[in-house]
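Heads up, the thing below is written out as C-alpha cells.
The values are calculated or read from the model by the stated rules, or taken from the named source; none is laboratory data. Just so it is clear, the structure is predicted and the values come from calculations on it, not from any experiment. Glycine also receives a Cβ, built like all others from the backbone with ideal geometry; neighbour counts cover every protein chain displayed. The area values use the complete protein model at the heavy-atom level, side chains included, leaving out ligands, DNA and RNA. Shrake-Rupley method; radii C 1.70, N 1.55, O 1.52, S 1.80 Å.
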Amino acid sequence: MWVRSNTLKLSNFSAGYKPFKVVKNISLEVGRKEIVSLVGPNGAGKTTILKGIVGVADVFGGTVSIDGEDITAKKPEKVAQLGLILVPDERRLFPNMSCEENLELGAYLEEARRRYRDSLEVVYTLFPVLKEKRRQVAKTLSGGEQQMLAIARGIMARPKVLLVDEPSTGLSPKLVSSLLKAMNALSESGVSILFAEQNAYAALEYSNRAYLLTRGEITLTGSSHDILLSKSLISQYFG
Ligand SMILES: Nc1ncnc2c1ncn2[C@@H]1O[C@H](COP(=O)(O)OP(=O)(O)OP(=O)(O)O)[C@@H](O)[C@H]1O
Ligand SMILES: [Mg+2]
C-alpha cells in the first residue's frame, strides 16, 4: 500500500518539443526517500519527461507538483529553488575547472551555499575518488569520474528530488554498481531519486519501483523486485 507522502507527482503529463508531442498522459509518483527508475529503449521519451519536469522541454498538458505545490512549466530556476535538480545525460561540467570548483558551482542556491561544507562532506563520503581528485581539472577525469562529479554537483544543490538521466552511460558494470549504491545511500539520507535508464537490469536492481516507457507512454509500472522476478515480463519488454 502507498503510505509515503508524494514528493514528486506527474498527472496526465504530456511533453515534447513544439509542435511535436513526445510523451503522452504520463502519471508518475516518487515518494520521499524512494528511488524510482524510468526504463525504456532509445527514443522512448525518458529524457523528454525529465526535461519537461524541470521546464526545459515544452509541456502540452497535465501537471507536475512537488510536495503538493504545482510547478508545471515553471522556469528551471524556480523549479530548482523548489527542490528539483536534473543531472543531464551530457553532464555539462566546466572542463577547465577543478573537481571541487565544479562542486562549488553546484551549490549555487542560497540554502545550498549555506550548507556547502556539509554537502561537500556528503559527496566525498559517497564518492571518495572525488575527494582524492578534488584539485584535478574536470576534463582530465575519466568518464566514470566525470559521471560521478556530475551527480555529485547535483547533490550539492541540496535537492528534494534528484533527477538523473542515464547514470550508467559509458561506465563499466563495476562502476555502474558503485554509482547506483551511492544513489541508494543518498536516498537513505532523505533525497528522492528518479533516474532514466536504457540498462533495464541495472535500473530494476537498484530502484524501489519502475515505470516502463514505450513510445511515449507508460506501459508497465510496479515494484522493481516484482518486475525482475517475472521472467515473462522481462522477455516481453527487454527481449
Ligand atoms: N530537441 C528536440 N526536438 C525535437 N524532437 C526531439 C528533441 N529531442 C528529442 N526529440 C525526439 O523525442 C523523442 C524522444 O527522445 P528522448 O530523448 O526523450 O528519448 P530517450 O528515451 O531519452 O532516448 P535515449 O535512450 O536514446 O536517451 C525522439 O523521437 C527524439 O527524436
Ligand atoms: Mg535519453
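Neighbours of Ala80 by Cβ distance under 12 Å: Lys/Arg scored +1, Asp/Glu scored -1, total +2. Using a probe of 1.4 Å, the accessible surface attributed to Ser223 totals some 40 Å² when neighbouring protein chains are kept in position. About its Cα centre, the dipole of the chain is roughly 180 debye, where the only charges are +1 on Lys and Arg Cβ and -1 on Asp and Glu Cβ. For Leu38, nonlocal amide neighbours, meaning residues 5 or more places apart or on other chains whose placed amide H falls under 5 Å from its own, are Phe195, Ala196, Glu197, Tyr211. For Glu101 and Glu205, a Förster radius of 25 Å and the Cβ-Cβ distance give a FRET efficiency of 0.15, rounded to the nearest 0.05.
Taking the Cα centre of the range 22-238 as the origin and placing charges on Cβ (Lys, Arg +1; Asp, Glu -1), which of Leu126, Val36, Asn184 is farthest toward the positive end of the dipole? The residue sitting farthest along the positive end of the dipole is Leu126. Close amide H contacts of Phe60 (hydrogens built in the peptide plane, cut-off under 5 Å, sequence separation of 5 or more or a different chain): Ser14, Ala15, Gly16. Counting 0.36 nm for each residue step from Ser172 to Asn184 and taking away their Cα separation leaves a gain of 2.5 nm.
The reciprocal of the average 1/r between distinct C-alpha atoms defines the Kirkwood hydrodynamic radius, which for the range 22-238 equals 17.5 Å.
Assuming R0 = 22 Å, what is the FRET efficiency of Leu229 and Asp70, from their Cβ-Cβ distance, to the nearest 0.05?
That pair, Leu229 with Asp70, gives E of 0.05.
Computed extension gain for Val137 through Asp118, at 0.36 nm per residue and net of the alpha carbon distance, reaches 4.6 nm. Surface composition of the chain: carbon and sulfur atoms hold 51% of the protein heavy-atom accessible area at a 1.4 Å probe. Here is how the number arises for the chain: DSSP H runs of 4 or more residues each give -39500 (n - 2.57), the sum is divided by the residue count, and the result at 222 nm is -11000 deg cm²/dmol.
Note that the range 164-177 has calculated 3J(HN,Hα) couplings of 10, 9, 6, x, 8, 3, x, 9, 5, x, 5, 5, 4, 5 Hz, one per residue in order, obtained from phi through the Karplus relation 6.51 cos²θ - 1.76 cosθ + 1.60 (θ = phi - 60°); glycine and proline are x. In terms of overall dimensions, the C-alpha atoms belonging to the range 17-116 reach 40, 31, 27 Å along their principal axes, ordered largest to smallest.
For the range 98-112, the Karplus equation 6.51 cos²θ - 1.76 cosθ + 1.60, evaluated at θ = phi - 60°, returns couplings of 6, 3, 5, 5, 4, 5, 4, 5, x, 8, 8, 6, 3, 4, 5 Hz by residue, with Gly and Pro reported as x. Remark: the range 123-239 projects, on average over all directions, an area of 8.1 nm² (convex hull of Cα atoms).
At the residue level, Phe60 shows approximately 80 square angstrom of accessible surface with a 1.4 angstrom probe and all protein chains present. Here the range 146-180 is scanned for amide nitrogen atoms under 19 Å from the site 7 Å beyond the Cα of Lys78 along Cα-to-Cβ, giving 160-161. In terms of packing, defined here as the mean over residues of other Cβ atoms within 10 angstrom, the peptides 70-76, 165-171 line up highest first as 165-171, 70-76. Farthest toward the positive end of the dipole of the range 22-238, out of Pro95, Leu233, Thr169, is the Cα of Pro95, where the dipole comes from beta carbon charges about the Cα centre.
Taking Cβ atoms as reference points and 13 Å as the exclusive limit, the residues near Ser224 contribute a net charge of -3, counting Lys and Arg as +1 and Asp and Glu as -1. Database remark: amide H of Leu220 closer than 5 angstrom to the amide H of Leu212 (H placed geometrically; neighbours at sequence offset of 5 or more, or on other chains; Pro and chain starts carry no H).
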